[in-house]
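Let me begin by presenting the structure, written as structure tokens, before commenting on it.
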Amino acid sequence: MTILQTSRLILRRWRDSDRRPFAEINADPRVMEFFPNLLTREQSDRAIDRIEASFTKHGFGLCAVEQLSSHEFLGFIGLSVPNFEAAFTPCVEIGWRLAAHAWGQGFATEGAKAIVAYAFETLKLASLVSFTAEQNMRSRRVMERIGMTFDTADSFDHPILPEGHLLRRHVLYRLRAPGVRQPVK
């Protein structure tokens, strides 16, 4: 089922045929550079199962992405609810993971902008967050391109990663729906 379509992308629910290419993406060291480890096929399949469960539970999730012209599976772009506690949770996160060969073509930004519009206009969410390891400049640039803002005071140590882990320090970006006022701190 198609959820959104842009000029070059289809964002949709997952199919069984997505499992193999998604596992290949999750086993690529370039794609997983800022994650604690590569995923096995079984871990990748469980991730899809969790994503689909999110659609059922929340009415949204991380959409499978395919290129409109070729129908090639490229990865995911969408929304999720983080499963850990932090100063900014509960919240809804916008995220993406695309095959390395799809990088540098604007797909993440294009799909993320469509997801932002969907989150605010259709789902009526008040705000979104996105976070990544401090070193992940590719994702940080996408966050900035879609209008998210970063405040160094929001940086945090990811609670799932152990003390001293190279990727533990994370940056948090925020985006509020148009017309939603930022609370006074």
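Read-outs throughout are calculated quantities, based only on the coordinates presented, and are distinct from any laboratory measurement. Given the structure is predicted, the values throughout are model-derived calculations rather than measurements. Please note: Cβ atoms are built from the backbone with ideal geometry, for glycine as well, and neighbour counts cover all protein chains shown.
For region 1-72, what relative contact order do you get, as a whole percent, if you take Cα pairs closer than 8 Å and at least 6 residues apart? Intermediate results must be reported in sequence, preceding the final value.
Numbers: 71 pairs, mean separation 28.3, N = 72.
The normalised contact order for region 1-72 reaches 39 percent.
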Residues in region 13-29 that a label on Leu38 would reach, taking backbone N under 16 Å of a point 7 Å out along Cα→Cβ: 20-29
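Counting only C-alpha contacts under 8 Å and six or more residues apart, can you give the relative contact order of the chain as a whole percent?
Working: 286 pairs, mean separation 32.8, N = 185.
Relative contact order of the chain: 18 percent.
With the Cα gyration tensor of region 20-128 giving a ≥ b ≥ c as the square roots of its eigenvalues, does the rule (a/c under 1.5 for rounded; else a/b larger than b/c for prolate; else oblate) give rounded, prolate or oblate?
On the way: a/c = 1.66, a/b = 1.23, b/c = 1.35.
Oblate shape, in that a/c is at least 1.5 and b/c is the bigger or equal ratio.
By DSSP, what percent of the beta bridges with both residues in the chain are antiparallel, rounded to the nearest 5? Don't skip to the answer; put the middle values down first.
Numbers: 29 of 30 bridges.
Around 95 percent of the beta bridges assigned by DSSP in the chain are antiparallel ones.
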Cleavage-rule hits (GluC sites (Glu not before Pro)) in region 11-80: DSSP loop, at most 11 neighbouring Cβ within 10 angstrom: none
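Within the chain, which is the longest segment containing none of the chymotrypsin sites (Phe, Trp or Tyr not before Pro) that sit in a DSSP loop and have at most 15 other Cβ atoms within 10 Å? Don't skip to the answer; put the middle values down first.
Details: sites that count: Phe84, Phe88, Trp103.
With chymotrypsin sites (Phe, Trp or Tyr not before Pro) excluded where exposed in loops, the chain gives 1-83 as its longest stretch.
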Cα-based convex hull volume of the chain per residue, rounded to whole Å³: 121 Å³
Anisotropy class of region 84-185 from Cα gyration tensor, a/c 1.5 cut: oblate
